[in-house]
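Reading through the structure tokens given below for one structure.
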Amino acid sequence: MTCAAPISAGSAETLARGLGWFSIALGALELAAPRTLADTLGMKDREHLIAGYGAREIATGVGILAASDPAPWIWARVGGDVLDFGTLAAGLSTENPRRGSVFVALATVMTVAGLDVFCAQSLAMNRRVAGQRPRQDYSRRSGWPQPPAAMRGAARDFDVPRDMRTPDALRPYPPN
Amino acid sequence: MRALVWHGKHDIRCDTVPDPAIEQPRDAIVKVTACAICGSDLHLYDGFMPGMKNGDIMGHEFMGEVVEVGSENHRLKKGDRVVVPFTIICGECDQCKRGYFSVCERSNRNKEMADKVFGHATAGLFGYTHLTGGYPGGQAEYVRVPCADASAVKIPDGLTDEQVLFLGDIFPTGWQAAVQCDIEPTDTVAIWGAGPVGQFAIRSAVLLGAKQVVAIDHVPERLDMARAGGAITINFDEESVLERLKELTHGKGPEKCIDAVGLEAHATRSIDSLYDRAKQAVMLETDRPHVLREMMYVCRPAGTLSVPGVYGGLLDKIPFGAFMNKGLTMRTGQTHVNRWTDDLLRRIQEGQIDPSFVITHRVGLEEGPGMYKTFRDKQDGCIKVVLRP
């Protein structure tokens, strides 16, 4: 899926945070009730796998919320979506009496995967735009009337207040 | 009047709000001619400081012209040009008399709340949560200044707004950070963070005669500005801070360390910061104290740590063993602004320093909300934003 319309960096970050919390909530549900979920999907032999996916969701959710650049973690979610899709697809067999639930779950995974890809691309685009701005040159902004070497010690006339002085015992030994 | 108003995390708007009025006899109303976005405003923007309410007016760095004074304010008069320190002080309590203005005992009108959170209340601050009094801030067209007769600094003719605006916060904050180090001519002073406070800490340490000043950051423009001020720079994206500091001090470590970063240390450049960010995300920790940990580890035994960087709550995994066993001294606190303003104003008048070097962006008030994001993300070479209401 390609990014149909770029969104602002702030909106992309908000979406990422939303996906992070969604990830943690879904992961907690998968860890807390893998049997119920497996029963609902007619995949009783996949309880442990669902619990493992729950741990993965929580890890990526925390990663998204913790990172200053959540894009890699959103891409990790996309990878997880592919795994979820593959696992659910195996449950579409005609022998599964819960095929309907599996279809609903697949549709949900596809929708969320679309959001994940959109978010990851938006974050990357905004980062690229920010990175293309020219670097400002502040190498002459000293604030001094003279070069720094000439200003060193210019305020030695300042009397450090008594409460902020280093105790005498901690001062350097005087030069010999 | 128009003002920048906090509506929630990452939600600051330029709203129309009621004009302020004189409430106490020592008050003054100041028409703001220039104000700035401070690094500590970002802690409110990012939602890390508790105690903000929807509708609070932002800003604690501002100056302007007195347009009205209370009946008992005999020090100021209409038309005076003033810089207003971010700390609100009574000038009469025990702490004020000792020069500890940032812990004024009378100016915080939410004392009970602050007592519960910090044990004892600190001074009232403009635009900086209800823990510090819930006073409307200075990113506005007009501000009510409580106890203005004690705090406002009169500005003589001949100096521009941009030369003196930072006397209200970041210049004295950088200065106090360096003064607290009681710098010797043999000292290496390492400064974490080359944002606005870090830039003034660098220049203060140079003025006070440090042998070498080392600035640690990773934003190229900030490192350029730090070098311009006389600092050796360490880009923590490119080299090990610990190894480079050891190399610069012949293995002994810097005698003096300044934390000009505070609670929002970069979240992804070290394992401990990632750990902090994860705990913050699930609300198990409030601050990211990476810089404090690094300073305690790298500082020379019997050295001094100075912490102007703002912290808000609970910190985890502090290497207090290193701090205690190395016999380090730590000096902290919000800035006692009025303790330094006369001296710093004189240095500006004498041309020893021109604080306007740090300004990188100048915009109108209505562009303020966008500039919060630009400043937070360090985009467009943004180091210091000045707003003209």
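Summary table below
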quantity	calculated
Share, in percent, of DSSP beta bridges within the protein assembly as shown that are antiparallel, nearest 5	55 percent
Per-peptide average of other Cβ atoms within 10 Å, ordering B:166-176, B:81-91 highest first	B:166-176, B:81-91
Of all accessible heavy-atom area on the range B:171-332, the percent that carbon and sulfur account for (1.4 Å)	58 percent
Where Rh is the Kirkwood radius over Cα pairs, Rg/Rh for the range B:295-336	0.98
Under 5 Å, built H, 5+ apart or other chain: amide partners of B:Ala265	B:Arg288, B:His290
Accessible area (Å², 1.4 Å probe, nearest 10) - A:Leu92	50 Å²
Residues of the range B:205-238 buried by at least 50 Å² on assembly (accessible area, 1.4 Å probe, chain alone as reference)	B:Val206, B:Leu207, B:Glu221, B:Asp224, B:Ala228
In nm, spacing of pseudo-spin labels at B:Asp343 and B:Arg13 (7 Å Cα→C-beta vector)	4.5 nm
Percent RCO, i.e. relative contact order, over the range B:171-332, from Cα pairs under 8 Å lying at least 6 residues apart	21 percent
Antiparallel %, DSSP beta bridges [both residues in chain B], to 5	55 percent
In order through the range B:221-238: 3J(HN,Hα) via Karplus (6.51 cos²θ - 1.76 cosθ + 1.60), integer Hz, x for Gly, Pro	5, 5, 5, 4, 5, 5, 5, 4, x, x, 8, 7, 10, 10, 8, 6, 7, 10
Accessible area (Å², per residue) of the range B:171-332, counting only protein heavy atoms and a probe of 1.4 Å	33 Å²
Exposure rank, largest accessible area first [A:Arg56, B:Arg98, A:Arg140, A:Arg152; 1.4 Å]	A:Arg140, B:Arg98, A:Arg152, A:Arg56
Hz values of 3J(HN,Hα) by residue in the range B:163-176 - Karplus curve (6.51, -1.76, 1.60), Gly and Pro given as x	6, 10, 3, 7, 5, x, 7, 5, 5, x, 5, x, 5, 4
Ordering of B:249-259, B:276-286, B:353-363 by burial proxy (mean other Cβ atoms within 10 Å per residue, highest first)	B:249-259, B:353-363, B:276-286
10 Å Cβ neighbours from other chains, averaged over peptide A:51-63	1
Prolate/oblate/rounded label for the range A:9-131 (Cα gyration tensor, a/c 1.5)	prolate
B versus A: buried accessible surface, summed, Å² (probe 1.4 Å, to nearest 100)	4000 Å²
Solvent exposure of chain A as accessible area per residue, Å², 1.4 Å probe	58 Å²
Estimated 222 nm signal from helices in chain B, with DSSP H stretches of n ≥ 4 weighted -39500 (n - 2.57), rounded to 500	-7500 deg cm²/dmol
Calculated FRET efficiency for the pair A:Asn96/B:Asn54, C-beta based, R₀ 41 Å, to 0.05	0.20
Chain lengthening between B:Glu239 and B:Arg362 when straightened (0.36 nm per residue, less Cα-Cα)	40.9 nm
Pair B:Lys154, B:Lys326: separation of 7 Å Cα→Cβ label points (nm)	4.7 nm
Efficiency of FRET between B:Ile318 and B:Asp46 - r from beta-carbon atoms, R0 22 angstrom, step 0.05	0.50
Computed label-point distance, nm, for sites B:Lys246 and A:Asp163 using a 7 Å Cα→Cβ extension	3.8 nm
Reachable lysines, given that their alpha-carbon falls under 25 Å from the alpha-carbon of B:Lys31 and they are not under 8 places away in the same chain	B:Lys53, B:Lys77, B:Lys78, B:Lys154, B:Lys384
In Hz, Karplus ³J(HN,Hα) per residue of the range B:384-389 (6.51, -1.76, 1.60; θ = phi - 60°; x = Gly, Pro)	9, 9, 10, 10, 10, x
Shape metrics for the protein assembly as shown, restricted to C-alpha atoms - Rg then Dmax, Å	26.4, 94
Three-way shape call for chain B based on the alpha-carbon gyration tensor, with the a/c threshold at 1.5	prolate
Cβ-defined net charge surrounding B:Pro196, 15 Å radius [Lys, Arg +1; Asp, Glu -1]	-3
Rounded Å value of the spacing that divides the Cα centres of the range A:22-75 and the range B:200-272	41 Å
Shielding of B:346-353 by partner chains, average beta-carbon count, 10 Å	3
10 Å Cβ neighbours from other chains, averaged over peptide B:275-283	4
Mean Cα-pair separation over length for chain B, i.e. relative contact order, pairs under 8 Å, 6 or more apart, %	17 percent
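The values are calculated or read from the model by the stated rules, or taken from the named source; none is laboratory data. Computed from a prediction, not measured in an experiment: that's the story for all the values here. Here Cβ is always computed from backbone atoms with ideal geometry, including for glycine, and neighbour counts include all displayed protein chains. Side chains included, ligands, DNA and RNA excluded: accessible areas come from the protein's heavy atoms. Shrake-Rupley method; radii C 1.70, N 1.55, O 1.52, S 1.80 Å.
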